[in-house]
Structure formats: C-alpha cells, structure tokens
Amino acid sequence: MITFEGSEGSGKSTHAARLEARLREAGVPVLLVREPGSTELGQYLREWLKREKTTVPLAELFLFEAARAQLVQDVIRPALKSGKVVVADRFTDSTLAYQGFGRGLDIGLIRRLNDAATAGLVPDVTILLDVPVVAGLERAANRSDDAGSRKFEDLPVEFHEKVAAGFRALAAKERKRWLVVDSTRDQDAV
Ligand code: TMP
C-alpha cells in the first residue's frame, strides 16, 4: 500500500492518479482510493464536511475513523488480498496531522483509533508532497473540482502551518516509510 499525504493543494490527487496510471500501464494490478471517499460512508462524510461547520474536533475525529474502518474492511483489505497495489490519496497520517497537530487532539488517542480502524494496517510507503502552505491554499482555492472541503480550507493559515509541520515531524520520525518530495516543481518533475 502506497499513500500520498500533504496539506491543501499539494498535488496529492494528481500524483496519486498518475502513479495509478503508471502502475496500470506496467501491468501491475492497482486500486486507487481516497479519504474521505471511496465508500458510501466516505462519500457521505465528504459531503458532510463541505456544508457542516459546527462539528466538534472529537466528533470530526470519530467520523474520519468510522469512514476509514469501512474503507479498510470493505475495500482496501480485499484489494490487497487479491494481490493489488493500493494507492491512497490520504490515510491515517492525515488524521494525525489535521486532528492531532492541527486541532490539538491527543496524538496517542489518534494512534490507537487509527490502529483500531485499520486493524493494524500501515502503508509500505508514504509520499509527502511538500508545498509552502500559502501557495497550496491558493492552488486549492482555484480548483473547481469537488476535492477538498471548504471546512478545512477556510481555517486560518496558522492551522495549516501546524498541519504542515505535523506532516514533516511524522516523516522525520519514520524515515524508512516516508518519502518527502518537493511539490513546488512542475508535475512531471515531481
Ligand atoms: P482533500 O480531498 O483535499 O484531501 O480533502 C479532504 C479534507 O479532509 C482535507 O481538508 C483534509 C481533511 N482530512 C482530515 O482532516 N482528517 C483526515 O483524517 C482526512 C482523511 C482528511
């Protein structure tokens, strides 16, 4: 399993899709998923996040973990079992970065919930697409698809700085799993 992580507008969706296409061309069986999304519950959460502004942080945490439990058991595990490489646009590390470093919820609690929701599934490789926060937010604001959610994009820059610092701290702590890529370069270079 390969996961893409990063703050808003870092190019995760683009590069996850490009990796999927490249693996497919090479004849590697592959499945692309995104969080939240890729199940009915995940899609519901994505819609919920777009319009709901008042969810308290702890409820937000449980919602992401609930959608993750559904995605792992229903979609990711069966795919891995059938020999597919799973490419994910966000996964457990997003919850550590956003709800932990960003919202300030207890990191130990989030690790336990991540572990429960995934039944111990840890990505083989995690790619952090690193962009300056302000540039990323501008990129996110200019796109017209349904990616992202205004809920998070509308939070102050300081929140996103904490999230970005969180991702870098997570990557620095577990160098064997993480690959940090400068995503300010053009798409092909990245
Ligand atoms: P995205 O499609 O742009 O990645 O939008 C998903 C939003 O949800 C993004 O703002 C990050 C946020 N998010 C969390 O806060 N925690 C999580 O665990 C996940 C998966 C996403």
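The values are calculated or read from the model by the stated rules, or taken from the named source; none is laboratory data. Source: prediction; values computed, not measured. The accessibility values were calculated without ligands, DNA or RNA, using every heavy atom of the protein model including side chains. Shrake-Rupley method; radii C 1.70, N 1.55, O 1.52, S 1.80 Å.
Quick one: pull the percent of accessible area on the range 36-190 belonging to carbon and sulfur, 1.4 Å probe, ligands and nucleic acids left out. Working shown, then result.
On the way: 4430 of 8020 Å².
Ligands and nucleic acids excluded, carbon and sulfur give 55 percent.
Restricting attention to the alpha-carbon atoms of the chain, what are Rg (one decimal) and Dmax (integer), both in Å?
15.5, 45
Rolling a 1.4 angstrom probe over the protein heavy atoms, how many square angstrom per residue are accessible across the range 24-116?
Numbers: 4610 Å² over 93 residues.
Per residue, the range 24-116 has 50 Å² of solvent-accessible surface.
Once the Cα gyration tensor of the range 146-190 is diagonalised, what are the square roots of 5 times its eigenvalues, in whole Å and ordered largest first, as equivalent ellipsoid semi-axes?
On the way: eigenvalues 98, 60, 18 Å².
So the three semi-axes of the range 146-190 are 22, 17, 9 Å.
Based on DSSP H runs of at least 4 residues, each adding -39500 (n - 2.57), what is the mean residue ellipticity at 222 nm of the chain after dividing by all its residues, to the nearest 500 deg cm²/dmol? Mind showing how you got there, number by number?
Details: 9 runs with 93 residues, N = 190.
My calculation for the chain gives -14500 deg cm²/dmol from helical runs alone.
Would you list 28, 163, 180 from the most to the least accessible area, probe 1.4 Å? Mind dumping the intermediate values first?
Numbers: 28 50, 163 0, 180 85 Å².
Final ranking, largest accessible area leading: 180, 28, 163.
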